[in-house]
Amino acid sequence: MKKYIVKLTLGLMLSAAFITACTDDDDDDQAIAFGLSTEELVFPENGGTESVTITTANTWNINANASWLKITPANGMGSGEFTVSADASVLAEPRTASIRIEAAGEMPKTIKLTQMGYQLGVYPSTTDTLIENSALKDKRFFELSVVTNVRFSVEIKEAILDESGNDTGEMGEKAKWLSTTYKEKDLNLDYGQRPVAAKLRFDWNVNVEDQKRAAKIAFKFTDNDGNPQETVVTVMQKAAPTITDNRAGDSLALLIISERLNVMSPWDGSRNMRYWNGVKLWENTDQEVKDNPQMKGRVRSVLFSMFQTEESVPAEVIHLKYVETLEFFSNANNGLKSIKLGNEVCQLEYLKNLRLDAYGLTELPDINELKKLGDKLEVLSLSSNNFNKIPAVLNKEILPNLKVLKMNANRRRDVVSDLTTLDKDKDGLYLDLNSYADKRRFMEILAWELDTLQLSNNYIEGELPTDKDLSDSGLFDLYTEEDIKASHNTGDKKDELPEILVGTPKVMFKTKGFTVNLNYLHGEIPNWILLHPQMADWNSFTFIFTQEDAKSDTKGNLPGFVNIPKDFEEYYELYPNKRPTWEN
């Protein structure tokens, strides 16, 4: 009996243990309930990745309802972790999506996803930038990077500075010294509202003042709510070196001009300016210095040669207060350039001689500026430039004291054997003397009564004005008996005029030098040249009669005169006192 009780007890204990074990297994299965670590995810506008924990004892898989989402991994077994990645948005407003998680034998679960939209805006890489006062033209720019998701316009205005040069935050008129090539249509926004990077170029002019200046660049756009907005960048430009009104200021001005022109052989600033090549100073012995002692030691004349610039004469030239002769010669590749002469040279009160040869000029200052030189300018040389006409501002009303005008070789093309190939608006100085307007302009220049007029090696075609053309123009007086008598009373027999001149136009009576050779003229040489008192002195066989060796002008005419005299014999019969003494 006792043994039976023991066996029964052991059996009950084993059964209890088995039942307990089975109960523990059931509890473990119930503990691994299907769950997620979150039910909502929020992503920034530029995208990102978030991790989610899943708990389950079963297999599972995930599906997203948006192409801009990526799930890794998209299926699995048991508890684990998966990641949700969102691409960068392309929208201004928020966007939503959801992912569905299904576990075997369980009700599906959903995670809601929200991605923020981009706020419309323009975001420059900097809000302040500092630039130099001067540099060579191809280096006078800066680039500004911006990130944007909206079309914008650019407005540039002067920044108002206080007396200390600090920015007051206020804006004035349009800043003429700062500009951009940006056009709104150039902006590529193919990515919707997703920001894109853009690089804008801003070109600046030289600051010639000894005070810094500033401008505000305003990027104007419309925000998400339709309100006008702007992002502002401040550009501060350094002041120019102070150029004093003395000899030291002259030397500094010359060095700055030389640097800006990119002169091939610049002066040595450590040497005395008196020994600089091409520079002449006012001396004690000059009458002008005796009348105005302040001129002593200042620059009287200067030559800049062999340089390379795309711009007009540097503005620092205005500091050469007493300069009398100003020369610029040989700008590299000048035949390819189209430069307008700035107004600065017109401010020079003492300027008498201005030479701008082979510079690349196509325009002169307007009348109101150029006439400031009218009372003093005597010599103007504009040879080897690219003018396509004789500028209208060149006339005796604007420059009444001018004595010498040189406009030789205004050609972009050295050799043109057939003028029918000529671009009349671009290739150089073109006049058609068979047209009324060009013939009239040519006669106006003849009527200026200059000491020297040089128009050689241009594109002048047609026939020279006849004596009748000149008489009918109303621009010229006619020789009278009184003129002939007066010429015999000067005391110099070389001044004596022949009777044959009576009634003919008195053209270029004072002109000692006249050249019009190597053009495309044809027809007869008029009497106003053949009978002119200065015909021999003009060396006419070389500087008038010789025309371009070309096959055709624009109308098919062969250049060259038909009545070139064999020699000066007939001329010397009219003017016997002009015959060289070695012929007597």
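Read-outs: derived from the displayed coordinates by stated rules, not from any lab. Because the structure is a prediction, the values reported are computed rather than measured. Every residue, glycine among them, receives a Cβ derived from its backbone with ideal geometry; neighbour counts consider all protein chains shown.
Data for the structure
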read-out: Expected 222 nm ellipticity per residue - DSSP helices of 4 or more, -39500 (n - 2.57), all of the chain, to 500; value: -4500 deg cm²/dmol
read-out: Cβ-defined net charge surrounding Leu558, 12 Å radius [Lys, Arg +1; Asp, Glu -1]; value: -3
read-out: Inter-probe distance in nm under a simple model that places probes 7 Å from Cα toward Cβ, at Glu155 and Glu524; value: 6.9
read-out: Segment Glu170-Thr96, extension gain: residue separation times 0.36 nm, minus the distance between their alpha carbons; value: 22.3 nm
read-out: Between segment 397-454 and segment 80-136, the alpha-carbon center distance in angstrom; value: 68
read-out: Fraction of beta bridges assigned by DSSP in segment 243-396 that are antiparallel (%, nearest 5); value: 15
read-out: Selection from Gly121, Trp60, Ser89, by position along the positive dipole direction of segment 56-156 (Cβ); value: Trp60
read-out: Ranking of Met306, Met535 by count of other Cβ atoms within 10 Å, fewest first; value: Met306, Met535
read-out: Charge sum, other residues only, whose C-beta stays under 9 Å from Pro108's C-beta, Lys/Arg counted +1 and Asp/Glu -1; value: 0
read-out: Two-site label geometry, Asp495 and Lys376: point separation in nm, points 7 Å out along Cα→Cβ; value: 3.2
read-out: Restricting segment 126-178 to GluC sites (Glu not before Pro) in coil, as DSSP defines it, with at most 12 other Cβ within 10 Å; value: Glu163
read-out: Equivalent ellipsoid dimensions for segment 163-304 as semi-axes, Å, which come from the Cα gyration tensor, largest first; value: 49, 18, 11
read-out: Residue exposure sequence - Asp203, Asp467 - by fewest surrounding Cβ within 10 Å; value: Asp203, Asp467
read-out: Percent of Cα-Cα distances greater than 39 Å, calculated over the chain; value: 58
read-out: Local net charge near Asn166, Cβ-Cβ under 13 Å (Lys/Arg +1, Asp/Glu -1); value: -3
read-out: Extended-chain gain in nm, criterion 0.36 nm per residue less alpha-carbon gap, Asp190 and Ala332; value: 46.7 nm
read-out: Helix 2-31 axis, angle to the chain major axis (alpha carbon atoms, nearest 10°); value: 20
read-out: Cα gyration tensor, segment 243-396 - rounded (a/c under 1.5), prolate or oblate; value: oblate
read-out: Acute angle (nearest 10 degrees) that the helix 247-261 long axis makes with the longest principal axis of the chain, alpha-carbon atoms; value: 70
read-out: Principal-axis tilt of helix 436-446 within the chain, Cα atoms, nearest 10 degrees; value: 60
read-out: Euclidean distance of C-alpha centroids, segment 348-388 and segment 491-510, integer Å; value: 32
